[in-house]
Each structure stands twice: as structure tokens, then as C-alpha cells.
Amino acid sequence: MIGTVETKPDQQHEKKVKDRRNNSRTKPATLSDIARVAGVSKMSVSRAINNRPKISEETRERVLKVARRLNYQPNRYARALTTNRSYLIAIVVPDLTHSFFAEMSRGIEVLTKAAGYQNLICNTDEDPALEMREVSALLSHTDGLIIATALAPSDTRFYRQIIKDGA
């Protein structure tokens, strides 16, 4: 077999994972769980789930079938660590109760969700200091920021510095 390590499938482990999944206080299925049930290595599971080469079609299909059976959901945080992407877009607005910003946020949400992103909406209550704190906190945790600023047009130093620093 191309690039796969075969082990004996573990049907008892599959039952444990399903039981664990039914208890809402416990962890969901992991790559290790899928590997153990499918009888392959974790690397083979990763290759199958991420549609990478060096895995036979038969093994890929078996792994994906087990992943579906165990209701595997990728861990967003683990994926963010390996891909350096959070799939989060922050929307910073001065007043979310104003219909313009509510409609704007809704329109952005429709487009970003279709592209696979989740949104985080921050309301600054038209407070420039709060806006700068929010933006500073969000910079390293999001893939993008959409900002409707409360800062005066003449006060651009904060955003100029962020751009200069590579944001």
C-alpha cells in the first residue's frame, strides 16, 4: 500500500468513541480515534481527510467512512495552529444599534460565511479608545478586520502605525 501503515481495526474503540460522543461533556472524535477504528496511522487519517497524496483510494474511502460514522468534526483551533489561519473575520462598528451598521454587519456575514469564515462583531459605543483596544486585541487572532471607525478623520496615527507594523 502506498504510504499507509495498516493496523488491526478496533471495533470496541469505535463503540467507546460513540458512547463518549453521546455524552455532551466529553470530547468529540479525534484523528487518533479514526486511526484506531480504521486500522491505519494518524498520518493516513490526516492524508485522507485533507485529500493529500500518498494514500490509496481504498484506504482513503475506509478512513472517510469511519470519520463519518464517528461524526468527526475538525478541531478549529488545531487547524488554525497548523494553517496559521483562524477563519475569523472581526467587524468593529461604533454603534451596532444603528440600522446602518446592523445591516452592514449582516451583509458582511452573508459573504464571509459563504467563504467559510465566522464573524466576530464588536461594538465600540463610539468610543475611540475602546475601538483601539478592540482592534489591537483582534489583530493577532483574526484573518481580517472590517472597521467602521469612530476615530476623527484627522486622527489616523493608530491605523497608520498598524499598517506600518505589517497588519
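The values are calculated or read from the model by the stated rules, or taken from the named source; none is laboratory data. Please read these numbers as outputs of a predicted model, since none were measured by experiment. Note that each Cβ is placed from the backbone with ideal geometry, even for glycine, and that neighbours are counted across all protein chains shown.
ILE108 - would you say it is assigned by TED's automatic domain parsing to the domain that holds HIS141, part of a helix (DSSP H, G or I) and touching a residue at least 12 places away in the same chain (Cβ under 8 Å)? Answer is yes for this residue.
Among the residues making up the stretch 80-101, those that are surrounded by 14 or more Cβ atoms within 10 Å (Cβ to Cβ) and part of a helix (DSSP H, G or I) are ALA80, PHE101. Only a single criterion out of (1) without any contact (Cβ under 8 Å) to a residue 24 or more places away in the chain; (2) of a type outside the set (A, V, I, L, M, F, W, C); (3) in the same structural domain as LEU139 (by TED's automatic domain parsing) is not satisfied by PRO94, namely (1). GLU109 - would you say it is surrounded by 13 or more Cβ atoms within 10 Å (Cβ to Cβ) and acidic (Asp, Glu)? Spelling it out, GLU109 is indeed surrounded by 13 or more Cβ atoms within 10 Å (Cβ to Cβ) and acidic (Asp, Glu).
Residue-level analysis places ALA90 outside the set of residues that are under 20 Å from the mean Cα position of the chain (by Cα) and farther than 23 Å from ALA114 by Cα. Please verify whether GLY166 is outside any helix (DSSP H, G or I), out of contact with any Leu (no Cβ under 8 Å at 6 or more places or on another chain), closer than 30 Å to SER32 by Cβ and of a type outside the set (Lys, Arg), treating the condition exactly as stated. When the stated conditions are applied, GLY166 does not pass them. Filter the stretch 144-160 down to the residues that are more than 23 Å from ARG85 (Cα to Cα) and not in a loop (DSSP other than H, G, I, E, B), then identify the one that is farthest from the chain's Cα centre (by Cα). Residue satisfying both the conditions and the ranking: ARG157. Across the stretch 48-59, the qualifying residues are those that are more than 30 Å from SER140 (Cβ to Cβ) and either basic (Lys, Arg) or over 20 Å from the mean Cα position of the chain (by Cα) (or both), and the one among them that is surrounded by the fewest Cβ atoms within 10 Å (Cβ to Cβ) is PRO53. Filtering the stretch 60-78 to residues that are surrounded by fewer than 17 Cβ atoms within 10 Å (Cβ to Cβ) and of a type outside the set (Lys, Arg) leaves GLU61, ASN71, GLN73, PRO74, ASN75, TYR77, ALA78.
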